[in-house]
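Derivation of every value follows stated rules applied to the coordinates shown; laboratory data play no part. Only a predicted model underlies this, so the values are computations on that prediction, with no experimental measurement involved. Cβ coordinates were reconstructed from backbone atoms using ideal geometry, including for glycine residues, and neighbour counts include every protein chain displayed.
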Amino acid sequence: MQGTVMTAALVIAAHGTRDPAGQLVAHALTARVAALLPDVDVSVGFIELSHPTIPEALSAALSRCPADDKRVVVVPLMLGTGTHVRHDIPDFIEEVVAEFPDARIDYAPHLGPDPALFRAVNRRIDDAMGDWRREDTTLVLVGRGALVPDANADHVRLARMHYEQGGWRNVTPCFLQVTQPHLPEGLDRARAQGTGQILVIGHWLFPGRMRTWTHEQALAWACDHPETAVRVGEVIGDCDELAGVVLQRFRDMRPDHRVEGSPAYVCGLLLQDRQVLIVGGGNVAQRRVPTLLEAGAHVRLVSPTATPALEHLAGTGQIEWHRRPFEDSDLEGVWYVQATTDDPRVNRRVAHGAEARHTFCVRADDAWAGSAWTPATMRTRGATVSVLSNKDPRRSRALRDEIAGLLEGA
Ligand SMILES: C[C@@]1(CC(=O)O)c2cc3[nH]c(cc4nc(cc5[nH]c(cc(n2)[C@H]1CCC(=O)O)[C@@](C)(CC(=O)O)[C@@H]5CCC(=O)O)C(CC(=O)O)=C4CCC(=O)O)c(CCC(=O)O)c3CC(=O)O
Ligand SMILES: NC(=O)C1=CN([C@@H]2O[C@H](COP(=O)(O)OP(=O)(O)OC[C@H]3O[C@@H](n4cnc5c(N)ncnc54)[C@H](O)[C@@H]3O)[C@@H](O)[C@H]2O)C=CC1
């Protein structure tokens, strides 16, 4: 594909494993995705334990792009939103941005939860069930366990979705590491619920240590509890469903639309009493907050510093100010976000977290990397006039002023 890449390249960011079977499956999955995207340069990089590393894969992909059009979309091959998704991969991206300052690297949301992955796990479950009936069986769903509470809560929610939709006698979530209950305790709980049949399924993408530990711990427990029948399911692995979700995450970043762009769709957000997040308390935020307050929004500002005008709004209780750097959890419960820091790395993280939550986000420093734009606005004669041009704010402002003049003269 050298020199002929017409669109953004795709780098799949996988975990990596010492297990050769796991590495083979990651490469097989990459090949399956590549077959679905014949015109795209598709490659894989690993966070740890395998090569190439993510920075190596990104640098190689960018080197293959045309000199004047270096674009890559990174899709994290991660089921949950632990520290790999929130910190490690963004850090790797920043490393490479420093090396290729003219490149554009978009970072797609993680994989799960996605109905296609839910179907894939259900197929693995059916394979392991054999002649068992779900109404006689308790499903023990094993996750890794993360330092990020949201990620663990997502696993418990997933278990509940299996219960609601799966026809199981019961479903028990548990974890291998970091948080409770661990797998043996999950199995104890399943037994205490009076079932003689337990199906253990690890929520893993590939063979590796997690899969091995799940099998070992489940079988050890089964040996100690011969009165209970235990079966253990397989990993999601290289399959069409997983490749389809990776493809979807890539396409959702609309990598081909980023150059020309399509017009923004204009709508009026009714923000009365809804939470709006502003990250960065500088001049841009200061210009935008008053309009949001006029619309009745609850404005939460997260920023180590703020302009005197914003500080005044916080001091008088008109906005809520958290005087610290941005954290991913600031996005919880938010309808609309403005990333207005002077640090592109922070703005990228804000936009990535918002994208994963399907929350519209303005990126003040990089029009196409966000999902919304701020128009030039005025209110006159009981109406709001807003002007958006194709990423040309000075033209929008000039047109707005021209329209204002016409309306005032009318
Ligand atoms: C895409 C968008 C996304 C968004 O932020 O919402 C965006 C993006 C960017 N603006 C940049 C620069 C400036 N923008 C302004 C002013 C305004 N910017 C506004 C909207 C938008 N700006 C959205 C597009 C809307 C559209 O196209 O119609 C207005 C209309 C609304 C408002 O802000 O309220 C407001 C005028 C309203 C008024 O005056 O009333 C000024 C002038 C100034 O600050 O005085 C400068 C300095 C210019 C200079 O001097 O060169 C940069 C480069 C940053 C960098 O260099 O890093 C980017 C990033 C990029 O283009 O990728
Ligand atoms: N879209 C637009 O209309 C315009 C966009 N810009 C772009 O927007 C960026 C911001 O512009 P200004 O407001 O003038 O910058 P500024 O320098 O006045 O303010 C930046 C703010 O971000 C905060 N910040 C830094 N790191 C943070 C973190 N980790 N978490 C939370 N907050 C953090 C700072 O404390 C500061 O309050 C510029 O770097 C420029 O790229 C600039 C002018 C207009």
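Brief remarks follow.
- Summarising the strand pairing of the chain, around 10 percent of its internal DSSP beta bridges are antiparallel.
- Helix-only mean residue ellipticity at 222 nm for the chain, each DSSP H run of n ≥ 4 adding -39500 (n - 2.57), per residue, nearest 500: -12500 deg cm²/dmol
- Extent along principal axes [Cα atoms of the stretch 264-410; Å; largest to smallest]: 48, 34, 25
- Other-chain or far-sequence residues with amide H under 5 Å of residue 17's (modelled H): 50
- Dipole check for the chain: with +1 at the C-beta of Lys and Arg, -1 at the C-beta of Asp and Glu, and the Cα centre as origin, the magnitude is about 760 Debye.
- Among the chymotrypsin sites (Phe, Trp or Tyr not before Pro) found in the stretch 319-410, those both in a DSSP coil and sparsely packed, with 15 or fewer other Cβ atoms within 10 Å of their Cβ, are 335.
- Where N is the number of residues in the stretch 268-355, Cα Rg divided by 2.2 N^0.38 Å: 0.98
- Taking amide H as placed 1.01 Å from N in the peptide plane, the amide H of residue 71 sits under 5 Å from that of 9, 104, each at least 5 places away or on another chain.
- Remark: the Cα gyration tensor places the stretch 21-103 in the oblate category, a/c being 1.5 or greater and a/b not exceeding b/c.
- Principal axis dimensions, largest first and in whole angstrom, of the chain by Cα: 88, 53, 35
- The stretch 204-310 - charge dipole about Cα centre, Lys and Arg +1 at Cβ, Asp and Glu -1, debye rounded to 20: 640
- Filtered chymotrypsin sites (Phe, Trp or Tyr not before Pro), the stretch 76-131: DSSP coil and at most 10 other beta carbons within 10 Å: none
- The stretch 157-296 - Rg and Dmax from Cα coordinates, angstrom: 24.1, 69
- Extent along principal axes [Cα atoms of the stretch 263-316; Å; largest to smallest]: 33, 25, 15
- Length gained on full extension, residue 398 to residue 49: 120.2 nm, using 0.36 nm per residue less the C-alpha separation.
- Classified by the C-alpha gyration tensor, the stretch 115-232 has a rounded form. Its axis ratio a/c, with a ≥ b ≥ c, is below 1.5.
- Column: log10 I(q)/I(0), Debye, Cα scatterers of the stretch 68-136, q = 0.20 Å⁻¹: -0.86
- Computed over the Cα atoms of the stretch 348-410, the ratio of the radius of gyration to the Kirkwood radius (Rg/Rh) comes to 1.12.
- Positive-end extreme of charge dipole, the chain - chosen from 87, 272, 183 (charges on Cβ): 272
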